[in-house]
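Input: a single structure, listed below in structure tokens.
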Amino acid sequence: MAEDDAGDGSANETGDQAGKPIEENDVTADPSTAGGPEQRQPAAPVRIGTGPGRLLLWLYGIFTVAALSRSIVQISMKFHHAPLAYSLSAVAGVVYAVILVALSKGGESARRVAMVCCSIELVGVVTVGTLTVVDSSAFADSTVWSYYGAGYLLLPLALPVTGLLWLRRAAREAVPAAAGAPVPDAGRQD
Amino acid sequence: MVDAVILTVSVTALLLAAWCGYAAYRDSPTKDWHFIGMAVVTLAALVQLVVALVQLARGERPDHGMAVFLAYLIGAACTVPAAAFMSLAERTRWGSAIVAAGGVILAVLELRLHEIWGSGHG
């Protein structure tokens, strides 16, 4: 009976938590207060693909399809025209695909993979964007990252920044759960 | 003919984006009426697909590449249904934001379709 209640309570709590922006709780990441009346269970993995994360998932999905299909067409039909630009588009597409899979999978290791890939993406879009602004003939054909992604509503620049902020927040929300509860579960009174 | 359909899809897509963007701003998930709106935009995109295929069958050709034109046509037809399924899975304001983003992206696809089709048609 008591067990059932505890289980339901924690499930609801993690469910709500995914949708709402909780910021006050993060600052006071004190296990004694965080695990007060309702203790958080560590069972639920870090959800990075729900709430705002699902909007990111959707946008990364579109960019994966767009960048990969575009580079497949270009590489198969006219690779020699601009080998560097088309290879870059393919790399961008693969990076988007990895982030997409990581977001939908969830969990701490997927979150780290997504962090690394978002960083690569940010470095890529800033480097390629700056190169094309400084010297418009740097690449023989435009890529997803040319002019900071201006041809794609600047989303290639906005996505990694938003992604990194979101992934950082997801980690901070997960810290109390990870720190608060691994042992209490084993020491239950029954 | 193709231009008129492209314009229709663009306008309905932007209206859908504004409507669902407002719902996201109001902290509301997508409701039945929103899904009817998505169905209307999807229908417009499917009509566009058929009209474009008919024009291609009658011998008209896009100015900037057949494969790319077809890819954008299919992408345009799939965008809003995909957004609808994503918003079914996300019953929060973010589900509305997903559809709003989908509407804007469809409008961008229409712009590209317009460029690829070119102006050399009646």
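Using Stokes-Einstein with the Kirkwood hydrodynamic radius over Cα pairs, what translational diffusion coefficient do you get for chain B at 25 °C and a viscosity of 0.890 mPa s, in µm²/s rounded to a whole number?
The diffusion coefficient I find is 169 µm²/s.
With the calculation restricted to Cα positions, what are the radius of gyration and Dmax of segment B:11-83 in angstrom?
In Å, with Rg to one decimal and Dmax whole: 15.1, 49.
Could you work out the relative contact order of segment A:48-177, using alpha carbon pairs under 8 angstrom and six or more residues apart, expressed as a whole percent?
Computed over segment A:48-177, the figure is 26 percent.
Which whole number gives the average count of other chain Cβ atoms within 10 Å of the Cβ atoms across peptide A:106-119?
Average neighbour count from other chains, rounded to a whole number: 0.
Each label point is 7 Å from the Cα along the Cα-to-Cβ direction; what then is the distance between the points at A:Ser136 and A:Ala150, in nm?
So the two model labels end up 0.8 nm from each other.
Membrane-span-like helices in chain B: DSSP H runs reaching 24 Å or more (Cα, own axis), mean Kyte hydropathy at least 1.6?
Helices meeting the criterion: B:2-25, B:32-57, B:66-89.
Quick one: putting +1 on the C-beta of Lys and Arg, -1 on the C-beta of Asp and Glu, what dipole do you get for chain B around its Cα centre, in Debye to the nearest 20?
In debye, rounded to 20, chain B gives about 220.
Per-residue counts of other Cβ atoms within 10 Å, averaged by peptide: what ranking do you get for B:12-18, A:52-58, B:54-60, A:164-170, highest first?
Highest-to-lowest ranking by the protection proxy: A:52-58, B:12-18, A:164-170, B:54-60.
Whole number please: convex hull volume per residue, Cα atoms of segment A:50-142, in Å³.
Considering the Cα atoms of segment A:50-142, their hull volume per residue is 87 Å³.
Please give the average number of partner chain Cβ atoms lying within 10 Å of the Cβ of each residue in A:56-62, rounded to a whole number.
Mean partner-chain Cβ count within 10 Å for A:56-62: 5.
Read-outs throughout are calculated quantities, based only on the coordinates presented, and are distinct from any laboratory measurement. Everything numeric in this text was worked out from a predicted model, so none of it was measured. We place every Cβ from the backbone using ideal geometry, glycine too, and count neighbours over all the protein chains shown.
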